[in-house]
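First the structure, in the form of structure tokens, and then the observations on it.
The values are calculated or read from the model by the stated rules, or taken from the named source; none is laboratory data. On a predicted model such as this, the values are computed, not experimentally measured, just so you know. Positions of Cβ are generated from backbone atoms using ideal geometry, with glycine treated the same way; all protein chains shown enter the neighbour counts. Note: areas computed on protein heavy atoms with side chains; ligands, DNA, RNA excluded. Shrake-Rupley method; radii C 1.70, N 1.55, O 1.52, S 1.80 Å.
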Amino acid sequence: MRGLFLLIISFFVLSPITSELYAKTDFKFSAPNYIIGDEFAEIQIVRLNNKGTPDSTFNGKIGFYIDKELKVLEFIEGKALYTTTLFKSSEITFKPQNQTTLYSIKIRHLPDWLSIIPPLLAIALSLIFHEVITSLFLSVFVGVLLLMGFEFSNVIPAFLRVIDSYILEVLRDGKHLSLISFAFMVGGMIALIAKNGGLTGLVNKISAIAHSSRSAQLTTLFLSLSIFFDNYVNILIVGNTMRPITDKYKVSREKLAFIVSTTAASAASLAFFTTWTGAEMVYVHDAASYLRLGNSAFSIFFKSLQYAYYPIFMLILTFALIVSKKDFNKMADAEVSARSAGIKNEQNDKSIEKNIERDIVEILHPESQNGGKWINAAFPLIVLFITAIAGLIVTGTENIYQKMLGKGIPITSQNLSTVWKYLYDFDNKNISFFQKLGELFGNGDFYIALLWSSFSSLLTAFLLTLLHKNISLKRTTEIMIHGFRVMLSAIIILIFSWSLAEITEDLHATEYLSSVITGNIKPSLLPIVSFLLAATFAFSTGSVWGAMAILYPLLVPVSWMISASSGLSVSDTESVTYNVIATILSGSVFGIHCSPVSDSTIMSSIASDCNHIQHIKTQLPYAATIALISILVFFFSLINFHWFFNLGLGTTLIILIVKFSGKRVE
């Protein structure tokens, strides 16, 4: 109700000024009467018949004489957007090409600050209601109202336009459809390998190597890294499976929840083929297309990984704590208590369990209690990884071959061995083995690789499930469809977030933000600003998906435009932008690690059977420590220190903190 009330009030506050003028021949009007300050304007021209009623929507070019200089604007479906830099004159003349045609000229202008209302509204509603999907939809709806005219008569047309224009438009994009298909098929694969017992068998196989408290923790870490493709699945499988083993060796439930939570999120944000990074690369692709950058989304993502300090350092900290047998702050107290007094079952408040994804929990229970073969899970995961790499190599080879032909390189064949050989001469320079491999991956079609890998792994899991004697063809299909359904909420968030990105682009929000920030914030500070914004949003909403959905379309283009307009070189501009790309997801991971309302932390508490508040209290000091180290290293990365030095600096600080602040737990 509060959101509806705010929406009604905003009709009266945000309604833009609209004027309608009519002209049969030359028409003059004074610009200041209609255009005020640094705003942008929209002109709608509707052709009228002899009776003065609308006949058709005008398409074409119209000339405007401004200070006797002809300016030509192109109208598509009766509209043309332009900035008021055209209107520095006090008088503008409209000249229809056909002097006998009667036109209705509708001039509407919006203050440019209104362009950021949709993303700000999405953030505000998410913080108020802790619900992302409705918040995103309402923000898109308000954005469409701003474009059409924030009037009550436009409410129903705007609602329909959200569906038939923006949502339909984003679904026409092949890259978007590739990610949606990938998410569905990965969901189906997860359901199949869980129900046929493969995941249970794989986990049991790996967990058998645990023989002490340290090896039990290392096994938990390794197992969590191996199930990298989705953090929810990772947490629920590893937490529930390793809990009896860590209990046996008196590892505290708080430590188990910490390892599971931090490793699952870090792995999902760093691995190439996960639901998180798949979504991230689509946002990066859209930003690169908007900025007309030539780099592929995979290439940009790969280069940004060198700045993903928080998840990398969190993994290093986790490993260092386990190997050194040390912990600090409240985690040390929990570990000492567990070693001396044993494990205490501190049940969570039942209300917490209402937040968990019931569908995910249901599909992870094996169909049969007799266990399953570990190969049923390992083989589809291997197929997923190998097919994805092969897809990048095959498509990369094809694209490089075409580039070589365009550069006049005398290459005789499109096969990999020939292209690999001529890569030494590509761009007239000799390159190393790893640089050639980077060229292949960077020029590959990541979205084709997603489709090939996810379909191949789904098909493999489907066939292996059919071989299970207790699961019929009909039941196998039902399990697969159930897996599709589990991914539906994430896909809806993606669709609405893409629509929000489209509406903010139509409103020129990026240009407005760039003009406001330029000169007020140094480009070198943008990664830290991005990190803190993402952390704040993810902490408040508990959603990484929501933070990515709102911040990527807004901040990535802004960071490039601000850096470029500040006089930075192309390489420095790329460095800032890559840093922002990495810090948005890194900040989001930090935010959910600290958030008591995050699905990830709640699932970690439940899967580890750990008191939820205790989990947050023991994990928070570790997350805050790594966040501070990451922010410190950001400064070194932006003064052109090599990435290897930056990672070494952060690792050294972590080792020193563990050594001098850690308390040894035998």
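Tell me, please, whether a residue that is assigned to a loop (DSSP other than H, G, I, E, B) and either crowded, with 23+ Cβ neighbours inside 10 Å or among the aliphatic types (A, V, I, L, M) (or both) can be found in the range 575-588.
no
Identify all residues within the range 295-354 that are modelled with pLDDT of 90 or more, within 30 Å of residue 277 (Cα to Cα) and among the polar types (S, T, N, Q); write none if there are none.
The answer is 318, and nothing else.
Name the residue that is modelled with the lowest pLDDT, counting only residues in the range 204-259 that are within 23 Å of residue 194 (Cα to Cα) and of a type in the set (Gly, Ala, Ser).
207
Among (1) modelled with pLDDT under 85; (2) within 30 Å of residue 384 (Cβ to Cβ); (3) among the aliphatic types (A, V, I, L, M); (4) buried (at least 18 other Cβ atoms within 10 Å of the Cβ), which single condition is residue 509 missing?
Failing condition for residue 509: (2).
Filter the range 245-272 down to residues that are surrounded by 23 or more Cβ atoms within 10 Å (Cβ to Cβ) and part of a loop (DSSP other than H, G, I, E, B), then give me how many there are.
2
Return the only residue of 592, 626, 613 being open to solvent by 30 Å² or more (accessible area, probe 1.4 Å) and either aliphatic (A, V, I, L, M) or touching a strand residue (DSSP E or B) at 6+ places or on another chain (Cβ under 8 Å) (or both).
Among 592, 626, 613, only 613 is open to solvent by 30 Å² or more (accessible area, probe 1.4 Å) and either aliphatic (A, V, I, L, M) or touching a strand residue (DSSP E or B) at 6+ places or on another chain (Cβ under 8 Å) (or both).
Quick check on this structure: which one of 199, 225 is of a type in the set (A, V, I, L, M, F, W, C) and either open to solvent by less than 50 Å² (accessible area, probe 1.4 Å) or closer than 22 Å to residue 367 by Cβ (or both)?
Just a single option satisfies the conditions, and that option is 199.
Please tell me if residue 218 is more than 30 Å from residue 115 (Cα to Cα) and assigned to a helix (DSSP H, G or I).
Spelling it out, residue 218 is indeed more than 30 Å from residue 115 (Cα to Cα) and assigned to a helix (DSSP H, G or I).
For every residue, the table says whether it meets (1) modelled with pLDDT of 80 or more; (2) open to solvent by 80 Å² or more (accessible area, probe 1.4 Å).
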| position | (1), (2) |
| --- | --- |
| 369 | no, yes |
| 373 | yes, yes |
| 376 | yes, no |
| 380 | yes, no |
| 387 | yes, no |
| 390 | yes, no |
| 397 | yes, no |
| 413 | no, no |
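Taking the range 294-328 as the region of interest, how many residues are touching a residue at least 12 places away in the same chain (Cβ under 8 Å) and not in a helix (DSSP H, G or I)?
7
Name the one entry in 530, 540, 497 that is in contact with a Gly (Cβ under 7 Å, 6 or more places away or on another chain), closer than 27 Å to residue 183 by Cα and polar (S, T, N, Q).
Unique residue meeting the criteria: 530.
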